[in-house]
Amino acid sequence: MGRWNREELEQAFDRYQAAALKGAQEGDWRDWADMFTRDATYFEHQYGRFWGREAIFEWITGVMKPFPASSMTAFPIRWYTIDEDRGWVICEVLNRMEDLGDGEIYQEPNITILHYAGNGLFSYEEDAYDRQRMGEMVVRWMTARERLSAGGE
């Protein structure tokens with residue numbers, strides 16, 4: 001039996017998702033970074049490893065503030081599982097770009113592993129995705145955005 005029950009893990013994961021959505025929509029990643037312990041580790045397969053809540057905050061702000069990442073406005077969860085024994089949440093996150101109104105959904109998945117540390121905080125996150133496919137999706141979105149802003153169909 002794990003240190004935390006499923007209800008506590010679910011509630012922390014719900015708050016994590018809400019903080020990610022707020023960060024994406026408002027451009028302020030403070031609440032999301034505050035979901036981590038002060039000494040948390042973040043392993044992002046493309047960008048490297050970050051140690052500590054403040055380093056995670058600086059990194060996510062620097063990555064998500066510039067265009068086109070600033071147009072990634074939602075992170076819906078396709079599926080998730082909770083390992084109560086370990087206190088882990090493992091999920092597939094859809095990195096979704098701003099809706100252009102063209103009937104397309106521009107998104108690409110990543111796998112996220114979260115280690116819960118108690119008190120509503122996570123001590124570890126690891127994200128893995130296909131960098132090439134993510135880049136191709138963003139280029140498709142940017143191309144459609146330019147076409148639509150030029151009045152083309």
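At 1.4 Å probe size, with the rest of the protein present, what percent of the exposed accessible area of the stretch 1-133 is carbon and sulfur atoms? Could you put the intermediate results ahead of the total?
Details: 3380 of 7220 Å².
Looking at the stretch 1-133 in its full context, I get 47 percent from C and S.
Sort out for me the Cα centre separation of the stretch 57-74 from the stretch 30-55, rounded to whole Å.
Value for the Cα centre distance between the two parts: 14 Å.
Looking at the chain as a GNM with Cα springs under 10 Å, which of E126, E84, E104 has the largest mean-square fluctuation?
E104
Which angle from 0 to 90°, rounded to the nearest 10, does the C-alpha axis of helix 53-64 make with the longest principal axis of the chain?
10
Indicate the gyration tensor shape class of the chain (rounded, prolate or oblate), computed on the Cα atoms with a ≥ b ≥ c the square roots of the eigenvalues: a/c under 1.5 is rounded; otherwise a/b larger than b/c is prolate and the rest oblate.
Taking the square roots of the gyration eigenvalues as a ≥ b ≥ c, the chain is prolate.
Suppose R0 equals 41 Å; then what is the FRET efficiency for E54 and R6 from their Cβ-Cβ distance, rounded to the nearest 0.05? Before the final figure, lay out the partial values.
Values: r = 30 Å, r/R0 = 0.74.
After rounding to 0.05, the efficiency reads 0.85.
What FRET efficiency do you get for Y80 and D28 if R0 is 22 Å and r is their Cβ-Cβ distance, rounded to the nearest 0.05? Walk me through the intermediate numbers first.
Working: r = 25 Å, r/R0 = 1.12.
The pair Y80/D28 has a calculated efficiency of 0.35.
Percent relative contact order of the chain, based on C-alpha pairs within less than 8 angstrom and at least six residues apart?
On the way: 264 pairs, mean separation 35.2, N = 153.
That works out to 23 percent.
Taking all protein chains together and a probe of 1.4 Å, list R38, R133 from the most accessible to the least accessible.
On the way: R38 190, R133 125 Å².
Final ranking, largest accessible area leading: R38, R133.
For a quick check of understanding: with a 1.4 angstrom probe and all protein chains in place, what accessible area in square angstrom does T143 have, to the nearest ten?
My reading of the accessible area for T143 is about 80 Å².
From the residues W59, S123, I111, which one has its Cα farthest along the dipole of the chain in the positive direction, the dipole being from +1 and -1 charges on Cβ of Lys/Arg and Asp/Glu about the Cα centre?
W59
Determine the dipole magnitude for the chain: charges of +1 sit on the beta-carbon of Lys and Arg, -1 on that of Asp and Glu, nothing else is charged, the reference point is the Cα centre, and the result goes in debye to the nearest 20. Show your work: numbers first, answer last.
Details: 17 positive and 28 negative charges, 50 e Å.
Magnitude of the dipole: close to 240 debye.
May I ask for the angle, rounded to the nearest 10°, between helix 6-26 and the longest principal axis of the chain, with both axes built from Cα atoms and the value confined to 0 to 90°?
Result, in degrees: 30.
The values are calculated or read from the model by the stated rules, or taken from the named source; none is laboratory data. Quick caveat: nothing in here was measured; it's all calculated off a predicted structure. As a convention, Cβ positions derive from the backbone with ideal geometry for all residues, glycine included, and neighbour counts pool all protein chains shown. Side chains are part of the model used for accessible areas, which takes the heavy atoms of the whole protein and leaves out ligands, DNA and RNA. Shrake-Rupley method; radii C 1.70, N 1.55, O 1.52, S 1.80 Å.
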